[in-house]
Amino acid sequence: MAITVKGPIVEMDGDEMTRIIWNMIKDKLLAPHLRMDLRYYDLGIKHRDETDDRITIEAANAVIKHGVGVKCATITPNAARVKEYGLKQAWKSPNGTIRSILDGTVFRKPIIVKNIPPAVRSWKKPISIGRHAYGDIYRSVEYKVPAAGKAELVFTPASGKGGVSLLVHEFKGPGVIMGMHNTEKSIQSFARACINYSLGEKCDLWFGAKDTISKTYHAFFKEVFDREAEARKKDFAQAGVAYRYMLIDDAVAQIMKAEGGMLWACMNYDGDVMSDMVASGFGSLGLMTSVLVSPEGKYVYEAAHGTVMRHYYEHVKGNPTSTNSVASIFAWTGAIARRGELDRTPEVVAFAKNLEAVVVNIIERGVMTKDLAAIAEPKPAKYALTGEFIDAVAEML
Ligand SMILES: NC(=O)c1ccc[n+]([C@@H]2O[C@H](COP(=O)([O-])OP(=O)(O)OC[C@H]3O[C@@H](n4cnc5c(N)ncnc54)[C@H](O)[C@@H]3O)[C@@H](O)[C@H]2O)c1
């Protein structure tokens, strides 16, 4: 008998190969077992173009209303895509739009399977990374200094009173300068989203910065994090997890020796660099999940990878593909489990956890797609095609 998922889930459909996988997951793994109240938004590139991208905004607002969403990978159009799909314009990244409407933070977490050993021997549990996605060098102003001269940092208050001017450097010859910023509101939202994630996942929260050198900029991040964590001290104690601040170099050194199992909150640049280090250390993009969490505790689950365009072109030609559906399956199970927790329906949470266990079990038995077969130990005799893998999961489920 099908299990009823009480509350609504906002479903955001997407593009190319991940759209094909999306349907297979729904048809073969979810529909036979669950009765879901899905609020469907087609974020496929054609529909975004037809609606002048209003559909993306509507989907984000639906997540704010209902609390839980699941998103398929989507094309962020560049000039080539505008031509390929005959678009009115190069619409913005849907993920960027949704993230800014939710004021959310993206957390990435790898899926661990025994026969895909991490590159780092000590890593036994997933390391989640939370990247602050606003400001710093990504919103900076840069200038190539052509010759000798004085660079200053000037702040003019809106009130017109006071104001400061600080000497950056007295150049004797050519050089380069950069001005960057962040806002208290954004840092606070980031800290809150990290704290919500850490309490929800019951994992320790690490935050690293370089406040010994940057005694104002980085120190401000530390101050906001310390303050927000202090305000949730009781919740941390109740969840049995801890908040730790470390210098960023110490955090990097400790990550390499740790077992994992923590959330590592990173400033924008650190997160950009470290998330790729951690992702490749755990094996494959096809095993990396991603969730957007707002400071108010709204969640959008997705796979960390894109639309797997190259496989889609093969698929369209009628050629067989071996695309990894694991991260997309886990996007669904993440959303379903979250819904079950909000609705207090343990049978829904149990279904999601069981589906995850089945997927891991199947890979550990040697059934996997080509991307994993290349890095598995031992290597399987053959790899599974896209549909074969999902069929194997459906059968075992
Ligand atoms: N979150 C998102 O919606 C998101 C994220 C990244 C890229 N994109 C979009 O996806 C499209 C393709 O981008 P891309 O090629 O840079 O990124 P991609 O993640 O689709 O592919 C990157 C590489 O990893 C491989 N790969 C990724 N996922 C895989 C999987 N599940 N199974 C097997 N191999 C996998 C691909 O074959 C490719 O070699 C672009 O239009 C881009 O805008 C969307």
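The values are calculated or read from the model by the stated rules, or taken from the named source; none is laboratory data. Given the structure is predicted, the values throughout are model-derived calculations rather than measurements. Positions of Cβ are backbone-derived with ideal geometry, glycine not excepted, and every protein chain shown enters the neighbour counts. SASA here: full protein model, heavy atoms, side chains in, ligands and nucleic acids out. Shrake-Rupley method; radii C 1.70, N 1.55, O 1.52, S 1.80 Å.
Summary of computed values
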| item | result |
| --- | --- |
| Qualifying residue in the stretch 357-367 (condition: within 20 Å of Lys109 (Cβ to Cβ) and in contact with a Phe, Trp or Tyr (Cβ under 6 Å, 6 or more places away or on another chain)) | no |
| Failed item, numbered, when Gln89 is tested on (1) in contact with a Ser or Thr (Cβ under 7 Å, 6 or more places away or on another chain); (2) away from the ligand (no atom under 12 Å from the Cβ); (3) over 21 Å from Arg339 (Cβ atoms) | (1) |
| Neighbours by Cβ (under 8 Å, 6+ apart or cross-chain): first from the stretch 291-318, under 23 Å from Ala337 (Cα atoms); second within 15 Å of the ligand (Cβ to nearest atom) and of a type in the set (D, E, K, R) | Val291/Lys109; Val291/Glu302; Leu292/Arg99; Leu292/Glu302; Val300/Lys71; Tyr301/Lys71; Glu302/Lys71; Ala304/Arg108 |
| Matching option when the condition is under 30 Å from Met262 (Cα atoms), in a loop (DSSP other than H, G, I, E, B), within 15 Å of the ligand (Cβ to nearest atom) and aliphatic (A, V, I, L, M), among Ile116, Ile98 | Ile116 |
| Those residues of the stretch 76-86 which are outside any helix (DSSP H, G or I) and more than 11 Å from the ligand (Cβ to nearest atom), in sequence order | Gly86 |
| Filter result (in contact with an Asp or Glu (Cβ under 7 Å, 6 or more places away or on another chain) and of a type in the set (Lys, Arg)) within the stretch 197-242 | Lys222 |
| Odd one out for Ser128 among (1) among the hydroxyl-bearing types (Ser, Thr, Tyr); (2) over 30 Å from Pro380 (Cβ atoms); (3) within 18 Å of the chain's Cα centre (by Cα) | (2) |
| Leading residue by the ranking (nearest to the chain's Cα centre (by Cα)) among those in the stretch 338-386 that are closer than 30 Å to Val63 by Cβ, crowded, with 21+ Cβ neighbours inside 10 Å and of a type in the set (Gly, Ala, Ser) | Ala352 |
| Subset of the stretch 354-397 [at pLDDT 95 or above, touching a Ser or Thr at 6+ places or on another chain (Cβ under 7 Å) and in a loop (DSSP other than H, G, I, E, B)] | Thr369, Tyr383, Ala384, Leu385 |
| Count of the stretch 24-48 residues which are within 15 Å of the ligand (Cβ to nearest atom) and without any contact (Cβ under 8 Å) to a residue 12 or more places away in the chain | 1 |
| Counted residues, the stretch 176-224 - those being open to solvent by 70 Å² or more (accessible area, probe 1.4 Å) and of a type in the set (Val, Ile, Thr) | 3 |
| The stretch 4-23, residues that are open to solvent by 40 Å² or more (accessible area, probe 1.4 Å), of a type in the set (Val, Ile, Thr) and more than 16 Å from the ligand (Cβ to nearest atom) | Thr4 |
| Matching strands (runs of 3 or more DSSP E) fully within the stretch 1-75 where at least 3 residues are at pLDDT 95 or above and farther than 28 Å from Thr386 by Cβ | 3-13 |
| Ile127 vs. criteria more than 12 Å from the ligand (Cβ to nearest atom), β-branched (Val, Ile, Thr) and open to solvent by 40 Å² or more (accessible area, probe 1.4 Å) | no |
| Selection status of Thr51, within 12 Å of the ligand (Cβ to nearest atom) and open to solvent by 10 Å² or more (accessible area, probe 1.4 Å) | no |
